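Presented below is the structure to which this report refers.
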Amino acid sequence: MIVLVGGEKGGSGKSCLAQNIAVYLRTEKNASVLMVDCDPQRTTSDWVQERNANDSLPSINCVQLYGKIRNELLSLREHYDYVVIDCGGQDNLALRSSMAVADHILIPLRPKRRDLKTVPHMEDILSTCKMVNPNMNAAFVITQCPSLPSLASRILEAKDVCRSFEVPVLDAVTYSRNMYDDSEEYGQSVMESEPEGKASTEIRSIIKELLSRREGETYESVQPQKIQAVS
């Protein structure tokens with residue numbers, strides 16, 4: 001399968017999500033995984049290089065692709081269980097080419113006005129790409145959420161914006177935690193740095209919910225109304 005993490009807005013944690021999803025599939029699903037870095041900033045490529053220099057971590061392969069990459073992705077899919085794509089924060093050929101063949105599409109957004117302004121355009125892109133990829137499983141996910149329970153309304157409002165454009169949005173979210181940055185610095189996932197930590201729970205919830213949507217299963221997650229203070 002091809003899993004795409006992309007979107008029009010930068011800074012929403014696309015690379016972090018793609019990296020953690022890849023490690024989850026590699027280590028907890030025991031799958032063969034290839035990462036495709038479509039971001040000129042090479043964030044994921046640098047992370048993979050740091051990771052593969054550590055013999056104690058399961059290695060993950062990575063290639064860099066740009067532009068019209070549809071045919072390359074279809075070819076790579078034949079050799080791996082999962083191809084996880086990290087697209088940069090802009091509407092470009094790589095993003096649209098990936099959407100045309102991806103099985104799962106995850107679009108992260110922070111619960112901020114400047115991020116939510118991109119929802120109408122992303123809905124247009126998804127609608128266009130669905131003409132050639134009708135079976136795509138696409139969803140928004142709200143990331144880097146504020147930790148105070150008193151600000152939970154921001155998460156709910158962000159989800160309502162996505163739903164108003166008839167775009168699915170995951171129940172699972174990520175909160176703003178130092179663990180994401182700390183683990184990335186050493187080429188790790190949060191599940192390797194702190195296996196039973198809250199960040200690990202968030203990543204597992206996101207990927208399980210995303211995959212279950214395609215498989216037609218039900219999935220329950222903690223709603224923002226029930227959140228507790230984040231440590």
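Please treat every number below as a calculation from the coordinates, not as lab data. This is a predicted model, so every value here is computed, not measured. A quick note on method: Cβ atoms are made from the backbone with ideal geometry, for glycine too, and the neighbour counts reach across all protein chains shown.
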Problem - Additional length obtainable on full extension of the chain from Asn71 to Arg114, 0.36 nm per residue less Cα span - result: 12.1 nm
Fill in the blank from the handout: The extension gain from Gln41 to Glu157, computed as 0.36 nm times the residue separation minus the Cα-Cα distance, is 38.6 nm
Problem - Contact order relative to length of the chain, as percent, for alpha carbon pairs under 8 angstrom and 6 or more apart - result: 23 percent
Completion exercise
Scoring only Lys, Arg, Asp and Glu (+1, +1, -1, -1) among other residues with Cβ under 13 Å from the Cβ of Ser153 yields 0
Problem - Charge context of Ala18, other residues only, Cβ under 9 angstrom, K/R +1, D/E -1 - result: -1
Practice task
Compute the signed sum of charges (Lys and Arg +1, Asp and Glu -1) over the other residues within less than 15 Å, Cβ to Cβ, of Val132.
Solution key: +2
Practice task
Report the label-to-label distance for Asp171 and Thr201 in nanometres (one decimal), using points 7 Å from each Cα along the Cα→Cβ vector.
Solution key: 1.5 nm
Fill in the blank from the handout: Going residue by residue through region 195-204, the Karplus relation 6.51 cos²θ - 1.76 cosθ + 1.60 with θ = phi - 60° gives ³J(HN,Hα) values, rounded to whole Hz and with x marking Gly or Pro, of x, 9, x, 5, 5, 4, 4, 5, 5, 4
Completion exercise
Summing -39500 (n - 2.57) over every DSSP H run of at least 4 residues in the chain and dividing by its residue count gives a helix-only mean residue ellipticity at 222 nm, to the nearest 500 deg cm²/dmol, of -11500 deg cm²/dmol
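Quote the charge dipole size of the chain about the Cα centre in Debye, to the nearest 20; the model charges only the Cβ of Lys and Arg (+1) and of Asp and Glu (-1).
Computed charge dipole of the chain: roughly 660 debye.
Kindly count the pairs of lysines across the chain whose alpha carbons are less than 15 Å apart, treating pairs on different chains or eight or more residues apart as eligible. Walk me through the numbers on the way to the answer.
Numbers: Lys9/Lys112; Lys9/Lys117; Lys29/Lys208; Lys112/Lys159; Lys117/Lys159; Lys198/Lys226.
Final tally of qualifying lysine pairs is 6.
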Fill in the blank from the handout: By the C-alpha gyration tensor axes a ≥ b ≥ c (rounded if a/c is under 1.5, else prolate when a/b exceeds b/c, else oblate), the shape of the chain is oblate
Practice task
Find the centroid of the Cα atoms in region 24-42 and in region 73-106, then give the distance between the two in whole Å.
Solution key: 11 Å
